[in-house]
Structure formats: structure tokens, C-alpha cells
Amino acid sequence: MSAKMIPWSLPHRNVGGQLARGGELLDEMTRRRSCRHFSDAPVDRRVIEQVMAIAHTAPSGANRKPWRFVAIDDPAIKRDIRLAAEAEERKNYDRRFPDEWLEALEPIGTDAHKPYLETAPWLIVLFRVDYEVMPDGRKQKNYYPMESIGIMSGFFIMACHMMGLATLTDTPSPMKFLREICGRPDSEKPILLIPVGYPAVDCMVPDIPKKPLAETVQWNR
């Protein structure tokens, strides 16, 4: 059955207006950083709900929204996640990661210690949903789930930053422990663990230059 079609348009902006608005956004997003030093100051649940609502507007394959948000502020659960994540990361840094990956991480200064997983007021786990189990037991496949959750994750991080919240895209690997701790089914795979909150008063971040845009763009005209 075809979806109902409705009128749609965008506010008209001339080139000057587009560039001005784009410049403001570029300036705002250039200031975004990944945060590993969080304050324990609380963040209102309504703010987190609004961030998720914004991220949920992201496009997805066949409009299936193949993702699940698990929002955690329970100290005991955050503690369990930290301990499990650090256990996996110790294995990674001690023997799993190849030398070239450790060299790439060195300027950032990361290691197996993840105290921010307890300090940040919220942990948001993003799960990719490969299929939905229907009431009659059938499996309904989701289309392009990895691409879809990738786009949604960008919406989520950008929404947090624009609303004055710090984030970190944490990827302890393997992440099976997140599915077990969060009680999610086999049809869902954890993709990102995102601490959300405010930066600590003494927060420091690496001053690492970005790769020039020109190196990432090809113009075919």
C-alpha cells in the first residue's frame, strides 16, 4: 500500500543566506570534541528524550528505523558496564590491537581505563536492529540497518552538541556484554556506547588538526 503523499517545502534562502547559516553551523561543529573527562552534574531526562527524538528523525532503509536506544543512569548498571568494558579493553591493548593501531591511538592518549563510564550522568547504547520479531513469530527483515544507524548516530551526536552536551563515541570491542547487561535480544547488536553529559571543569582534549577537507573531496564537473 502506498503511503499518503503530503505537500512539503523548505524556507527559501538565497546563496548569501545559505552561506551565512552554513558558516554558523560549521563554526559550531568545529568546536565539537570527543570528551573523556565528564562532570557528574545531572542532565534532565527530558533533555535526553529530546536528543533521541531528534536522532529518530534520521532517514532509514524503508523507514524501518532499525535501531534501539538504551538510556542508562542507574549507577549500578553503569558500574557493570565500566568493569566489562575495561576488561575487554585490557585484552585489546595488551594483545589484540596491532602495533599500527596502537600508534594511531597514541596522540589521543587513550588506554583501557574508562572512568567516564561511571562519571557521565547518562550512558546511551545504540543497538542495530537487524530484524523485528512480529507477534506471530515471523522475522521482519530491516533494510540497510548499518547504514541507517550510522546516519542516526551522526544526528544524535550533533543534537547533543547543539544542545550543549558533551559526548564520546566509545567502541569497546567485542561488545556482546552490552547486549547481556541491557537485556536485549539476539536480533539487536550494540554499535556504539555514548557517554552523555557536561565536560568536567578541568576537562582537557587533544589538540589534533583535522585532515584538510580538500583531501577528502573529488569534484566531477
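From Ala41, Ala58, Ala71, Ala62, which residue is in contact with a Pro (Cβ under 9 Å, 6 or more places away or on another chain), touching a residue at least 40 places away in the same chain (Cβ under 8 Å) and not β-branched (Val, Ile, Thr)?
Sole residue among the options that is in contact with a Pro (Cβ under 9 Å, 6 or more places away or on another chain), touching a residue at least 40 places away in the same chain (Cβ under 8 Å) and not β-branched (Val, Ile, Thr): Ala41.
Answer yes or no as to whether Val70 is outside any helix (DSSP H, G or I), of a type in the set (A, V, I, L, M, F, W, C), touching a Cys at 6+ places or on another chain (Cβ under 6 Å) and at pLDDT 95 or above.
Criteria met by Val70.
Which condition number does Lys189 fail, the rest of (1) open to solvent by less than 90 Å² (accessible area, probe 1.4 Å); (2) modelled with pLDDT of 95 or more; (3) touching a strand residue (DSSP E or B) at 6+ places or on another chain (Cβ under 8 Å) being met?
(1)
Tell me whether the range 162-171 contains one or more residues that are in a helix (DSSP H, G or I), in contact (Cβ under 8 Å) with a residue 60 or more places away in the chain, within 17 Å of His56 (Cα to Cα) and open to solvent by 60 Å² or more (accessible area, probe 1.4 Å).
yes
Among the residues of the range 128-145, is there at least one that is under 26 Å from Glu28 (Cα atoms) and in contact with a strand residue (DSSP E or B) (Cβ under 9 Å, 6 or more places away or on another chain)?
no
When you scan the range 117-140, how many residues do you find that are buried (at least 20 other Cβ atoms within 10 Å of the Cβ) and either on the phi > 0 side of the Ramachandran plot or part of a helix (DSSP H, G or I) (or both)?
1
Would you confirm whether or not the range 141-159 contains a residue that is assigned to a loop (DSSP other than H, G, I, E, B) and without any contact (Cβ under 8 Å) to a residue 40 or more places away in the chain?
no
The values are calculated or read from the model by the stated rules, or taken from the named source; none is laboratory data. All values derive from a computational prediction rather than experimental measurement. A quick note on method: Cβ atoms are made from the backbone with ideal geometry, for glycine too, and the neighbour counts reach across all protein chains shown. Quick note on the areas: whole protein, heavy atoms, side chains included, nothing else; ligands and nucleic acids left out. Shrake-Rupley method; radii C 1.70, N 1.55, O 1.52, S 1.80 Å.
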